[in-house]
Amino acid sequence: MAELVDGLVQFEEIVTDERVQPVDGPLGWPGYDTARTRAAESTGERESVVCGTGRIGGRRAVLIAFEFGFLGGSLGERTGDRLVAAHEAARAARLPVVSLIATGGSRMQEGMRALVQLQRVASESARTRAAGLPQIAVLRDPATGGGWATLGASADVILACPGAQIGFAGSRVRPADADPAAYRAESQLATGHVDQLVPPERLAATLGGWLRLLTAAGGPPAAVTPPEGLRTAPGGGPTAGELPADGWSAVQRARALARPRAGAYLDAHFEEYQEISGDRCGGVDPGMRCGFGLREGRTVAFAAQCGTATTPAGFRTAARLVRLADRLGIPVLTLVDTPGAANDADAERGGAGAAIADCFAAVAEARVPVTTLVVGEGGSGGALALCAPGNTWVTADSYFSVIAPELAAAILKRRPEEVRRTADELRLRPQDLVDLGLARGVVPTRLPG
């Protein structure tokens, strides 16, 4: 175990009563007993997984480590026993579960008796999830078959080693003409199935960071104080705290390239943070940043739009973040900044309506406090989907509107020169939103230094 994670200390193996298997296993597979003996002699282990408790980065966790040298890290009945015991220990001690996965799948020498272990693993993972305990998977090379589809793909946070082979189908059973790149960690990251690629030398530090964030909720969740507004350049525009004089000025300020974006707020607000990536459905939206940050010793989840039109993958990723935070009892901060939901043909084919609806539902159903700060454009329902009802704040660089003033003017068949008047009529300025009871207040802007 220690050779897999530098910095792992105080590791204590979880001992289980090893079931006695008949010679050559439940199927009487010729030579199976000899193969198990040979695997034990070459690896020094009695099974394909080792489970125990230990500390990484000062945080205790239950660790599950696959030994690929033991029959390809395959899952058999005794493997299932160990995985069940690991999850039971995690729930009893209220500890997160970290799985270091390297497996080729279920053990064919045990047939269906091996395959049904996936049901046991899925059930235990679901119980641990229901108990509000985080699960982190580290995908090593290879991570295929049922081990990927249960312990791996079901984890809350999925890390992968660069270049690792990842996929439900192993190299010997996939179609002959299959693109091998599709089964690599880099492709799984690009298609939203993995959160981060982590080189082995950074694994201990990254795991330690995630364990700090996911186990530092800081007691019952309380509402988040919205971050202060920022200014990137003193004298480069309206003075700190100055509100826009009219609607079109508000729109121009929100669209200005020089104003702070989500990244500036995240960097200024959190001492450290880690990001998740992807919707687990094949999509990634670079314009939606989601993750967990540490603020004064307390963890806060965040979903931040970055000024682009939000795609279905972005809404699904935000919904995933909100539901994970809710299950772990972590308050949520959303940063709103989008001209609206993506409305091109790809977005419609990608299920834009359903994705937006799911994001609305995730925020509405959250039991933890959700706080929203509108930092730029608030473009219609694509922005509103991330807003906390009754707990939304705005900056002086923002606007919020049922529709963009240019589009409103077009619908009303007004001339282009009437867009400015239309913006005023929409009452979209920060102070208008407060007066209308849609925002709690304008967050003061501060100058650097």
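Figures for the structure shown
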quantity	calculated
Volume of the Cα convex hull of the range 229-446, divided per residue and given in Å³	119
Tilt relative to the chain, helix 117-130 - C-alpha long axis, 0 to 90 degrees, to 10	40
Tail weight of P(r) past 21 Å, computed on alpha-carbon pairs of the range 171-318, percent	60
Choice from Thr206, Thr317, Thr103 showing the highest fluctuation, given a GNM over the chain with Cα pairs closer than 10 Å	Thr206
Rounded to whole Hz, the Karplus (6.51, -1.76, 1.60) HN-Hα couplings of the range 385-393, x for glycine and proline	4, 9, 8, 7, x, x, 9, 10, 10
Residue-by-residue Karplus 3J(HN,Hα) for the range 87-96, coefficients 6.51, -1.76, 1.60, Hz, glycine and proline x	5, 4, 5, 4, 5, 5, 9, 6, 10, x
Kirkwood hydrodynamic radius over Cα pairs of the range 146-194, then Stokes diffusion coefficient at 37 °C and 0.692 mPa s, in µm²/s	292
Sum of side-chain charges, Glu271 neighbourhood, beta-carbon under 11 Å (Lys, Arg +1; Asp, Glu -1)	0
Likely footprinting exposure, Glu12, Glu418, Glu67, fewest C-beta neighbours within 10 Å first	Glu12, Glu418, Glu67
Alpha-carbon centroid distance for the pair the range 366-403 / the range 21-57, whole angstrom	54
Contact order relative to length of the chain, as percent, for alpha carbon pairs under 8 angstrom and 6 or more apart	12
Alpha-carbon centroid distance for the pair the range 183-199 / the range 316-343, whole angstrom	21
For the range 347-364, 3J(HN,Hα) per residue [Karplus equation, 6.51 cos²θ - 1.76 cosθ + 1.60, θ = phi - 60°, Hz, x = Gly/Pro]	5, 5, 5, x, x, 4, x, 5, 5, 5, 4, 5, 5, 3, 5, 4, 5, 5
Candidates Phe11, Phe292, Phe66: whichever shows maximal mean-square fluctuation once the chain is modelled as a Gaussian network with Cα springs under 10 Å	Phe11
Projected area averaged over orientations for the range 9-214, convex hull of C-alpha atoms, nm²	11.5
Ellipsoid semi-axes in whole angstrom, largest first, where each is sqrt(5λ) of the Cα gyration tensor of the chain	49, 23, 17
Ascending count of other beta-carbon atoms within 10 Å, so fewest first, for Asp337, Asp432, Asp344	Asp344, Asp432, Asp337
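Every number here is computed from the coordinates shown, using simple stated rules; none is lab data. Remember, it's a predicted structure, so these values are computed and weren't measured experimentally. Note that each Cβ is placed from the backbone with ideal geometry, even for glycine, and that neighbours are counted across all protein chains shown.
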